[in-house]
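The values are calculated or read from the model by the stated rules, or taken from the named source; none is laboratory data. All of these numbers come straight from a predicted model, not from anything done at the bench. Note that we place each Cβ from the backbone using ideal geometry, even for glycine, and neighbour counts take in every protein chain shown. Please note that ligands, DNA and RNA were not included when accessible areas were found on the heavy atoms of the full protein model with its side chains. Shrake-Rupley method; radii C 1.70, N 1.55, O 1.52, S 1.80 Å.
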Amino acid sequence: MAETVRLAVWSGPRNISTALMRSWENRPDSVVVDEPLYAHYLAVTGLDHPGRDEVISAGESDWRVVVQTLLEPGTDAKVHYQKHMAHHLTADVGRSWIARLTNVLLIRDPWEVVASYVKTRAQVTAADIGLPQQVALYDELAAEGNPPAVIDAADFLRRPEAHLRMLCDLVGVAFDDRMLHWPPGPRSSDGVWAPHWYATVWQSTGFAPYQRREVRLAGQPAAVAEECCALYRKLFDRRWKG
């Protein structure tokens, strides 16, 4: 039996991360896991996210137990796809296990992220949208000689098949055109937080064409977006260009 490839995609919120998870789940040789460190993140930070108590109750709050399941998923699937939020890597979480995964960073223009984020949560910080953590993770893995691939969401939506083919090559599987389309609606693999965040994905049947959004922010949200621009640019300059 071939060894399972563990593909970890580290995103921030309000990105195309759930759609990308759908894409991989639509492959017959893949299984997915949705934000496995979320319960730990909420338990440690005390943040009041939508459905907080339900997330903690349904999930695993000990990051060590989570990591064990991520490294030994107990499946005969060829690809074990892990959808992660980079900001779930709280300071207490060890990092050595991450190098045992095939890692990808999924980034998005912070102005677009913040504009979407504040529709659900009134307050936002740079740490909430994951870019500082993504840069730190990139630097850590690069220092070990194994920098993660970087994908920009806008680039991806302009050429989804090309990016999916790149990811398939990265983990050594053939591209499957079923990755481009999927049935609408919820999945059993969705986290319990899905009713609060996944409405658009539940209505989708594939990747929507990229559309540049006019973003208008002021005050603290605008300051956060501006603060993250240099971090975004650092990763954007290292993105996969095809």
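Here are the numbers for the structure shown:
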| item | result |
| --- | --- |
| Pairs where the first residue, in the stretch 33-50, is modelled with pLDDT of 95 or more and the second is of a type in the set (Lys, Arg) and open to solvent by 50 Å² or more (accessible area, probe 1.4 Å), C-beta under 8 Å, 6+ apart | 42/52 |
| Residue in the stretch 9-20 that is open to solvent by 20 Å² or more (accessible area, probe 1.4 Å), more than 14 Å from residue 197 (Cβ to Cβ) and at pLDDT 95 or above present | no |
| Positions within the stretch 200-222 being open to solvent by 60 Å² or more (accessible area, probe 1.4 Å), of a type in the set (Ser, Thr, Tyr) and over 17 Å from the mean Cα position of the chain (by Cα), in sequence order | 205 |
| Index of the failed condition, residue 120 passing every other in (1) among the hydroxyl-bearing types (Ser, Thr, Tyr); (2) within 16 Å of the chain's Cα centre (by Cα); (3) at pLDDT below 95; (4) outside any helix (DSSP H, G or I) | (2) |
| Breaking point among (1) surrounded by fewer than 19 Cβ atoms within 10 Å (Cβ to Cβ); (2) in a helix (DSSP H, G or I), for residue 61 | (2) |
| Residues being open to solvent by 80 Å² or more (accessible area, probe 1.4 Å) and either free of Cβ contacts under 8 Å to residues at least 24 places away in the same chain or out of contact with any Pro (no Cβ under 9 Å at 6 or more places or on another chain) (or both) - total across the stretch 184-199 | 3 |
| Residue in the stretch 223-232 that is surrounded by 15 or more Cβ atoms within 10 Å (Cβ to Cβ), free of Cβ contacts under 8 Å to residues at least 40 places away in the same chain and within 15 Å of residue 15 (Cα to Cα) present | no |
| Filter result (open to solvent by less than 70 Å² (accessible area, probe 1.4 Å), part of a loop (DSSP other than H, G, I, E, B) and over 25 Å from residue 93 (Cβ atoms)) within the stretch 136-179 | 172, 173, 175, 176 |
| Scope the stretch 84-116; condition more than 16 Å from the chain's Cα centre (by Cα) and either free of Cβ contacts under 8 Å to residues at least 12 places away in the same chain or open to solvent by 30 Å² or more (accessible area, probe 1.4 Å) (or both); matching residues | 91, 92, 95, 96, 99, 100, 111 |
